[in-house]
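The next block holds one structure in the form of structure tokens; read it before the comments.
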Amino acid sequence: MSDTSAVESDCLFCKIVSGEIPGEIVHVTERTVAFRDINGQAPTHVLVVPRAHYPNAAALAAGDPEASAELVTAAAAVAAAEGHDDYRLVFNTGAGVGQTVFHTHLHLLAGRAMTWPPG
Ligand code: 5GP
Ligand code: ZN
């Protein structure tokens, strides 16, 4: 199965999208699912993922630009629903910067002060 197939049989986030593994889902759209990070790093820490499997943000943007945009609008909707005007969006790309799950996910972090640059 290729990296950009709709579903990868051994992918954690494909399994959360399909319901095979439970996730605390907070928002769904046609192309995205948003669920709380299991190891939250802020009062709001939600992962927004495309329903289809792409290994990283650039692959998603190239393969499905509408879904790529929908990740951002979905994250904004979750931030607003949780009462945050200020929030941080992060795509880790590559193990060298901390990507551990190779199904595109946009981190939404909000609800506490944050420093820049990130560590
Ligand atoms: P990455 O490090 O790849 O950018 O982010 C992966 C994120 O997935 C981490 O923040 C980690 O806490 C989260 N995560 C890992 N396993 C699970 C899980 O089984 N369920 C949920 N909801 N989040 C997970
Ligand atoms: Zn996947």
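When the residues of region 75-97 are narrowed to those that are free of Cβ contacts under 8 Å to residues at least 24 places away in the same chain and over 14 Å from the mean Cα position of the chain (by Cα), which ends up nearest to CYS14 (Cα to Cα)? Give the derivation first.
Residues of region 75-97 free of Cβ contacts under 8 Å to residues at least 24 places away in the same chain: 76, 80, 83, 85, 89, 92, 95-97.
Narrowing further to those that are over 14 Å from the mean Cα position of the chain (by Cα): 80, 83, 85, 95-97.
Numbers: ALA80: 26, GLY83: 28, ASP85: 30, ALA95: 19, GLY96: 23, VAL97: 22 Å.
Checking each candidate, the answer is ALA95.
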**Q.** Meets criteria (more than 11 Å from ligand 1 (Cβ to nearest atom) and under 25 Å from TRP116 (Cβ atoms)) for ALA77
**A.** yes
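Using the structure shown, decide if ASN39 is touching a residue at least 12 places away in the same chain (Cβ under 8 Å) and polar (S, T, N, Q). It would help to see each step written out before you state the result.
Numbers: touching a residue at least 12 places away in the same chain (Cβ under 8 Å): no; polar (S, T, N, Q): yes.
Against the criterion (touching a residue at least 12 places away in the same chain (Cβ under 8 Å) and polar (S, T, N, Q)), ASN39 does not qualify.
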Q. Which of (1) of a type in the set (S, T, N, Q); (2) within 17 Å of VAL28 (Cβ to Cβ); (3) out of contact with any helix residue (DSSP H, G or I) (no Cβ under 9 Å at 6 or more places or on another chain) does GLN99 not meet, given it meets every other one?
A. (2)
Q: Check off (1) out of contact with any strand residue (DSSP E or B) (no Cβ under 6 Å at 6 or more places or on another chain); (2) open to solvent by less than 50 Å² (accessible area, probe 1.4 Å); (3) at pLDDT 95 or above; (4) within 15 Å of ligand 1 (Cβ to nearest atom) for PHE102 and give me the number that stays unchecked.
A: (2)
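If we keep just the residues of region 36-45 that are open to solvent by less than 40 Å² (accessible area, probe 1.4 Å) and not aliphatic (A, V, I, L, M), which is nearest to ARG112 (Cα to Cα)? I'd like the intermediate steps shown before the answer.
If we filter region 36-45 for residues that are open to solvent by less than 40 Å² (accessible area, probe 1.4 Å), which is where we start, we get 37, 42, 44-45.
With not aliphatic (A, V, I, L, M) added as a condition, the list becomes 37, 44-45.
Working: ASP37: 16, THR44: 9, HIS45: 11 Å.
This residue is THR44.
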Q) How many of the residues in region 9-23 are surrounded by fewer than 14 Cβ atoms within 10 Å (Cβ to Cβ) and within 13 Å of ligand 2 (Cβ to nearest atom)? A) 5
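In the list VAL26, VAL33, VAL48, which residue meets the criterion of being under 20 Å from LEU109 (Cβ atoms) and open to solvent by 40 Å² or more (accessible area, probe 1.4 Å)? Let's see the steps before the verdict.
Working: VAL33 fails: open to solvent by 40 Å² or more (accessible area, probe 1.4 Å); VAL48 fails: open to solvent by 40 Å² or more (accessible area, probe 1.4 Å).
It is VAL26.
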Q | Criterion (of a type in the set (Gly, Ala, Ser) and surrounded by 15 or more Cβ atoms within 10 Å (Cβ to Cβ)) met by exactly one of ALA6, ALA67, ALA81 | A | ALA67
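The values are calculated or read from the model by the stated rules, or taken from the named source; none is laboratory data. Not measured: the values here are computed from a predicted model. For neighbour counting, all protein chains shown are included, and Cβ atoms are generated from backbone atoms with ideal geometry for every residue, glycine included. The protein model used for the area step is the full one, side chains on, heavy atoms only, and it has no ligands, DNA or RNA in it. Shrake-Rupley method; radii C 1.70, N 1.55, O 1.52, S 1.80 Å.
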